[in-house]
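**Q** Just passing along the structure, written as structure tokens.
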Amino acid sequence: LMHTPEPTKARNYIGVRKHQILHNRLRLANHDLNAHLATINLSETSNCLHCQDNVQETTQHYLFYCTKYLEARRDMYASLNQLGYQPAEINTDLLLEGDDDRDETTNKEIFRTVQKFIARSCRFKMR
């Protein structure tokens, strides 16, 4: 039997191309955050350059904890709250993969919201 690949989700193609690419790079763990760059010898440190306490700049740190992006994160949480998500329900899987229990329209809004956060953070340069 021939394997039929799963259809690509439309939500992966939402938004401004540049932000769509950055969002997908976060999802695929192929991004320019220091924790990743240090593993491939492109950064001398895996730590966040904005936070104290030698905390690693991981995807989770960037999306949820880095103090530099507090205001953009508040806006992201407010938008997700309007979609019916409480803070305790917002996690890395939701932000990077979407919610298969919700319709595609809601998932597109989740992705637009995350991409707006990425854009506002100005953390990434396009290669």
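The values are calculated or read from the model by the stated rules, or taken from the named source; none is laboratory data. Treat the numbers as computed from the prediction; the structure is a model and nothing was measured. Here the Cβ is made from the backbone with ideal geometry for all residues, glycine too, and neighbour counts use every protein chain on show. Note: accessible area is taken over every heavy atom of the protein model, side chains too, but ligands, DNA and RNA are not part of it. Shrake-Rupley method; radii C 1.70, N 1.55, O 1.52, S 1.80 Å.
**Q** Taking the condition open to solvent by 20 Å² or more (accessible area, probe 1.4 Å), out of contact with any helix residue (DSSP H, G or I) (no Cβ under 9 Å at 6 or more places or on another chain) and either more than 25 Å from Asp101 (Cα to Cα) or of a type in the set (A, V, I, L, M, F, W, C) (or both), does Ala10 pass?
**A** No.
**Q** Failed condition for Gly98, given (1) open to solvent by less than 80 Å² (accessible area, probe 1.4 Å); (2) on the phi < 0 side of the Ramachandran plot, with all others met?
**A** Here Gly98 clears every test but (2).
**Q** When Met126 is evaluated against the numbered criteria (1) surrounded by 13 or more Cβ atoms within 10 Å (Cβ to Cβ); (2) touching a residue at least 12 places away in the same chain (Cβ under 8 Å); (3) among the aliphatic types (A, V, I, L, M), which criterion, by number, is the only one it fails?
**A** (1)
**Q** Given the condition out of contact with any helix residue (DSSP H, G or I) (no Cβ under 6 Å at 6 or more places or on another chain), open to solvent by 90 Å² or more (accessible area, probe 1.4 Å), under 22 Å from Arg120 (Cα atoms) and of a type in the set (Val, Ile, Thr), answer yes or no: does some residue in segment 63-76 qualify?
**A** Within segment 63-76 (the criterion being out of contact with any helix residue (DSSP H, G or I) (no Cβ under 6 Å at 6 or more places or on another chain), open to solvent by 90 Å² or more (accessible area, probe 1.4 Å), under 22 Å from Arg120 (Cα atoms) and of a type in the set (Val, Ile, Thr)), the answer is yes, since at least one residue qualifies.
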